[in-house]
Amino acid sequence: MEKTDDLSFAPDFAAARAYFRTRPDYQPTPLVTLKGPCGCDVLAKDETNRLGLGAFKALGAPYAVARILDQRWHAKTGANLTPEATQTPDAQAFIAAQTFVCASAGNHGIGVASGARAAGAQARIHLADTVPESFADRLRAIGAHVVRSGAIYEDCVAAATKDADDAGDILLADGTWPGYTTYPKWVMEGYCVIPEELREAFEASGQWPTHVYLQAGVGGLAAAMAHMIRLNWAEQPELIVVEPDVAACLQASHLAGKASRGEGPESIMGRLDCKEPSIVAWATLERCGVRYATLTEAEGVEAAEQVMALGIPTTPSGAAGFGALIQEDAKRWQDKTFQPLVVISERPA
Ligand SMILES: Cc1ncc(COP(=O)(O)O)c(C=O)c1O
């Protein structure tokens, strides 16, 4: 396994965009306008059908799988794994012998499994008891081997790490921790497609958001978005990172000035229920100047109901950004210059 504690994040976002543009199933997801409280317009990036997988996570792991296979093939042969090369028996045998292992709260596992399957590799996904069986069924349907390996997500991260080490397989996590950062940065590099699609849409419309609400689990999505927004958006919005109040590890890290746990019971916002932050995501968010918000369980449920009533079926995890938006002070809603943007990050399973 690679060993690095490099907390920098300098994604090759053009490579990620180029990769997806070669895929026949790729197209930018819709940017729609919803009616928020007081009838205000809310821009919503609808990720609920990204690449047919039901969540933005379809951009992360499948891209990282392709990059990792290319890197390994290059190390073995000195050549890149081009589309033509993948047709050769040697490359096919090589790919078929690669197994990707991860822990998942659901969507990352689906990304790993679908990336592995598309390439012709194998996937073994560790799920906590808290992840609905519907996710396990979806994983099996895309050829993954599912292991139930703990009561909560963090147990599964430990189990997946040990499993990959013991078996000599490839650990592809979406979180980072001391000694493990390279591959998850490639996952985050894939997420950079979202802010790039948005930048192009705003450059065309001229209607830039003033506030962007980003829900976070380990923080990979929020950090990728924040990094790209600060890097190349012409108009700079306020960035708000939104977590369940029972799993506010990024906010806890911000307050402590070092990576810290967010303690609490299980959250109904299952995909955001990460008690430990990605250290790279946290460091990136600190550099980007974000503020933090939390949602109660009831606020998460309310957010999902409101977004569904506005026409986008989603979950409390998928609607959490909208949940933080509706907590805003009434004065903000009356401000005619207020232009919020949210990401609806998944459809219901
Ligand atoms: C639907 C959904 N929204 C948001 C997140 C949070 O992403 P991250 O863990 O990168 O912060 C996840 C993570 O699994 C997710 O599946």
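FYI, it's all coordinate maths here, none of it is from the lab. Nothing here was measured: the structure is a model prediction, and the numbers come from that model. Glycine gets a Cβ as well: all are built from the backbone with ideal geometry, and neighbour counts include every protein chain shown.
Residue farthest toward the positive end of the dipole of the chain, with Cβ of Lys/Arg at +1 and Asp/Glu at -1: which of LEU325, GLY143, LEU221? Of the candidates, GLY143 comes out farthest on the positive side. For the range 244-349, applying the loop criterion from DSSP together with a ceiling of 15 other beta carbons within 10 Å to the trypsin sites (Lys or Arg not before Pro) yields LYS258, LYS336. Taking Cα centre as origin and charging only the Cβ of basic (Lys, Arg, +1) and acidic (Asp, Glu, -1) residues, the dipole magnitude of the range 199-333 rounds to 440 debye. Along its first, second and third principal axes, ordered by size, the chain spans 63, 44, 37 Å in Cα coordinates. P(r) tail for the range 191-249: Cα pairs beyond 17 Å make up 37% of the total. Rounded to the nearest 20 debye, the dipole size of the chain about its Cα centre is 600 debye, using +1 on the Cβ of Lys and Arg and -1 on the Cβ of Asp and Glu. Each of TRP177, GLN207, THR77 was scored by the projection of its Cα onto the charge dipole of the chain, and the greatest displacement toward the positive side belongs to THR77; charges sit on the C-beta of Lys, Arg, Asp and Glu. Which residues make up the longest stretch of the chain clear of GluC sites (Glu not before Pro) that lie in a DSSP loop with no more than 11 other Cβ atoms within 10 Å, not counting the sites? It runs 85-262. Rounded to the nearest 5, the antiparallel percentage of DSSP beta bridges internal to the chain is 20%. Measuring between alpha carbons in the structure, the pairs from LYS57/LYS331; LYS258/LYS331; LYS45/LYS336; LYS35/LYS258; LYS185/LYS331; LYS185/LYS258 lying more than 28 angstrom apart are LYS57/LYS331; LYS258/LYS331; LYS35/LYS258; LYS185/LYS331.
Across ALA164, ALA55, ALA234, mean-square fluctuation computed from a Gaussian network of the chain (C-alpha pairs under 10 Å connected) peaks at ALA234. Packing here is the average count of other Cβ atoms within 10 Å per residue, and on that basis the peptides 108-120, 89-101, highest first, run 108-120, 89-101.
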